[in-house]
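Written out below as structure tokens is the structure these notes cover.
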Amino acid sequence: MGRPLTIGLTGGIAAGKSEALAAFERMGVPTISSDAVVHELLETKPLLPRLVERWGEEVAPGGRVDRERIGTIVFADREELSWLEAQIHPLVGGRIGTWLGTLPKDSQIAVVEVPLLFESGMQDAFDTTVAVVASDEVRRDRAEARGHTLVGAREARQLPQEEKAERAAHVVENDGSIEELEQQLSALVEKLSE
């Protein structure tokens, strides 16, 4: 058995990407979140010193990254965002490649959650892609339950979820219960394992 089939998982804000990732994990499918990798990278070398050098000590008071402060900088200035992405993307790619190399030999499928999968042009790094979508109403309710709104810089950076769905090889609708989401993902895993 060669390497596992890799799935790039994406979706709109509050559509349920993290919930889908957790469901894959409960099914025994190896998973990793690129956001979690980024958070980890932000706290260590070589990234942390580069951020301090570029934006000053105030982005890492006491040696800990202030993600909110960095967000304020990069969402206000496209050039700064491009610089940050140029620092992060190769490191994330390397970390995910290393992770894939450590998976058990019998792993058939591996899932990598990448919120900006299509926006960052990373879709070709995966064997197939899955977009999790939900109605605007459901997404709005979920975002509000988390204390967020769906407006602003975060959503402006992303493709509309309809476009993500168009570009993805597989689309999973997540307007219902966690059980319904799991059933859809389970059927997808079965289909991809054939």
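The values are calculated or read from the model by the stated rules, or taken from the named source; none is laboratory data. This structure is a prediction, so every number in the text was calculated from the model and none was measured. Virtual Cβ from ideal backbone geometry, glycine too; neighbours counted across all protein chains shown.
Observations, loosely collected:
- Residue pairs whose Cβ atoms lie under 6 Å apart, separated by 6 or more positions or on different chains, with the first residue in the stretch 28-48 and at negative phi and the second part of a helix (DSSP H, G or I) and exposed (fewer than 14 other Cβ atoms within 10 Å of the Cβ), are 31/25.
- Filter pass, residue 72 being surrounded by 11 or more Cβ atoms within 10 Å (Cβ to Cβ), without any contact (Cβ under 8 Å) to a residue 24 or more places away in the chain and assigned to a helix (DSSP H, G or I): yes
- Condition broken by residue 52, with the remaining ones in (1) more than 22 Å from residue 183 (Cβ to Cβ); (2) touching a residue at least 60 places away in the same chain (Cβ under 8 Å); (3) of a type in the set (A, V, I, L, M); (4) surrounded by fewer than 17 Cβ atoms within 10 Å (Cβ to Cβ) satisfied: (2)
- Positions within the stretch 1-28 being in a loop (DSSP other than H, G, I, E, B), out of contact with any Leu (no Cβ under 7 Å at 6 or more places or on another chain), among the hydrophobic types (A, V, I, L, M, F, W, C) and buried (at least 19 other Cβ atoms within 10 Å of the Cβ), in sequence order: 15
- For the stretch 98-116, filtered to residues that are modelled with pLDDT of 90 or more and more than 21 Å from residue 193 (Cα to Cα), the residue that is surrounded by the fewest Cβ atoms within 10 Å (Cβ to Cβ) is 98.
- Among (1) surrounded by fewer than 16 Cβ atoms within 10 Å (Cβ to Cβ); (2) at pLDDT 95 or above; (3) of a type in the set (Val, Ile, Thr) - the single one residue 32 does not satisfy: (1)
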